[in-house]
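Step one of this worksheet: look at the structure below.
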Amino acid sequence: MKLTYAEIRDWTEEETRKRLTSSETEVAQIMKVAAQAGVTEAQALYGQILLDGKGVVQDQTEALRWFSEAAKAGHAMAMNMVGRCCEHGWGTQVNKSLAAQWYEAAAKRDLDWGMYNLATLYCLGEGVTMNREEAFRLFSQAAELGHAKSVNMLGGFYEDGWVVEQDMAMAASLYYKAAQRGDFRGEFNHARMLIDAGQIDEAAVWLRKLHASATSAFLQKVAGWLSQRQDPALLQLAGELG
């Protein structure tokens, strides 16, 4: 029998928890029914399910449609995801200027990911005029909300002397904070600082954490970087990560 939203609403908390931890296919069906019933959170979640292809056939166009529905209702993460679709051409043409507008809308609703994504565009000058001062401000706002990737980006500003005076101690501190919060680029940058300080064994601990968090492409880049080092322990790590 076809699942209805009335049935979903009648579930007990225990039944709901059980259903939402079942198969990806069942979770996708539940979210679809709730999304079709106009539940904003479900619309945003179903959009992500369609984008990822979890429990359903991947459909970027439909994902964007559901993100857009939730965004119209003021859902900040859905706004951010419409921006992502526009930036990367998921279900639509690439339009980085429009992506920036959606990220800004999400950022104004205090969404850390909206701040981070908009700041990244300002850093690159894509869809907006390059503005590192504005990027720094947005990364700082997101970092205050606990956004690990933004903390790592601030480390880069202090390391390279963008907008602020170069401060390697501050950069190292920020990279460590990002690493502690699980950002894989933060883990690498923290390890890089440790290597420069001669703390190879401690750096190796952080580099091995990358297996659990980093993308395969990033692991390959790290392996290539390590292979250029002279220390035998780092050369061994290059082999492990590559």
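Looking at region 1-38 only, could you name the residues that are in contact with a helix residue (DSSP H, G or I) (Cβ under 6 Å, 6 or more places away or on another chain) and in a loop (DSSP other than H, G, I, E, B)?
3, 37
Can you pull out every residue in region 18-69 that is of a type in the set (Ser, Thr, Tyr) and under 24 Å from residue 87 (Cβ atoms)?
The answer is 40, 46, 61, 68.
Among the listed residues 219, 207, 234, 174, identify the single one that is part of a helix (DSSP H, G or I), more than 21 Å from residue 153 (Cα to Cα) and in contact with a Leu (Cβ under 6 Å, 6 or more places away or on another chain).
Selected residue: 234, the only one of 219, 207, 234, 174 that is part of a helix (DSSP H, G or I), more than 21 Å from residue 153 (Cα to Cα) and in contact with a Leu (Cβ under 6 Å, 6 or more places away or on another chain).
Name the pairs: first residue in region 52-63 and surrounded by 14 or more Cβ atoms within 10 Å (Cβ to Cβ), second residue among the aromatic types (Phe, Trp, Tyr), Cβ to Cβ under 9 Å, at least 6 apart or on different chains?
56/46; 60/90; 62/46; 63/46; 63/90
Counting just the residues of region 157-176 that are among the small types (Gly, Ala, Ser) and over 18 Å from residue 137 (Cα atoms), which one comes out surrounded by the most Cβ atoms within 10 Å (Cβ to Cβ)?
In the first step, residues of region 157-176 are kept if they are among the small types (Gly, Ala, Ser); the result is 161, 169, 171-173.
This time we only want the ones that are over 18 Å from residue 137 (Cα atoms), so: 169, 172-173.
Details: 169: 9, 172: 20, 173: 17.
Per the criteria, the residue is 172.
Out of 224, 182, 239, which single residue is in a helix (DSSP H, G or I) and at pLDDT 95 or above? Break it down stepwise before answering.
Details: 182 fails: in a helix (DSSP H, G or I); 239 fails: at pLDDT 95 or above.
Step by step, each of 224, 182, 239 is checked, and only 224 is in a helix (DSSP H, G or I) and at pLDDT 95 or above.
List the number of the failed condition for residue 107; all other conditions in (1) farther than 21 Å from residue 31 by Cβ; (2) surrounded by fewer than 19 Cβ atoms within 10 Å (Cβ to Cβ) hold.
(2)
What is the one condition in (1) within 25 Å of residue 131 (Cβ to Cβ); (2) over 19 Å from the mean Cα position of the chain (by Cα); (3) of a type in the set (Gly, Ala, Ser) that residue 99 does not satisfy?
(2)
Criterion first (over 19 Å from residue 123 (Cα atoms) and either of a type in the set (A, V, I, L, M) or in contact with a helix residue (DSSP H, G or I) (Cβ under 9 Å, 6 or more places away or on another chain) (or both)) does residue 100 satisfy it?
No; evaluated as a whole, the condition is false for this residue.
Please go through (1) modelled with pLDDT under 95; (2) of a type in the set (D, E, K, R); (3) assigned to a helix (DSSP H, G or I) for residue 192 and return the number of the only condition it doesn't satisfy.
Failed condition: (1).
Among the candidates 48, 93, 43, 58, single out the residue that is farther than 24 Å from residue 128 by Cβ, out of contact with any Asp or Glu (no Cβ under 9 Å at 6 or more places or on another chain) and of a type in the set (S, T, N, Q).
Details: 93 fails: farther than 24 Å from residue 128 by Cβ; 43 fails: out of contact with any Asp or Glu (no Cβ under 9 Å at 6 or more places or on another chain); 58 fails: out of contact with any Asp or Glu (no Cβ under 9 Å at 6 or more places or on another chain).
Of the residues listed, the single one that is farther than 24 Å from residue 128 by Cβ, out of contact with any Asp or Glu (no Cβ under 9 Å at 6 or more places or on another chain) and of a type in the set (S, T, N, Q) is 48.
Does region 68-90 contain at least one residue that is buried (at least 23 other Cβ atoms within 10 Å of the Cβ), assigned to a helix (DSSP H, G or I), aliphatic (A, V, I, L, M) and touching an Asp or Glu at 6+ places or on another chain (Cβ under 7 Å)?
no
The values are calculated or read from the model by the stated rules, or taken from the named source; none is laboratory data. Bear in mind the structure is a predicted one, so any value in this text is a computation, not a measurement. Every residue, glycine as well, gets a Cβ built from its backbone with ideal geometry; the counts of neighbours run over all protein chains shown.
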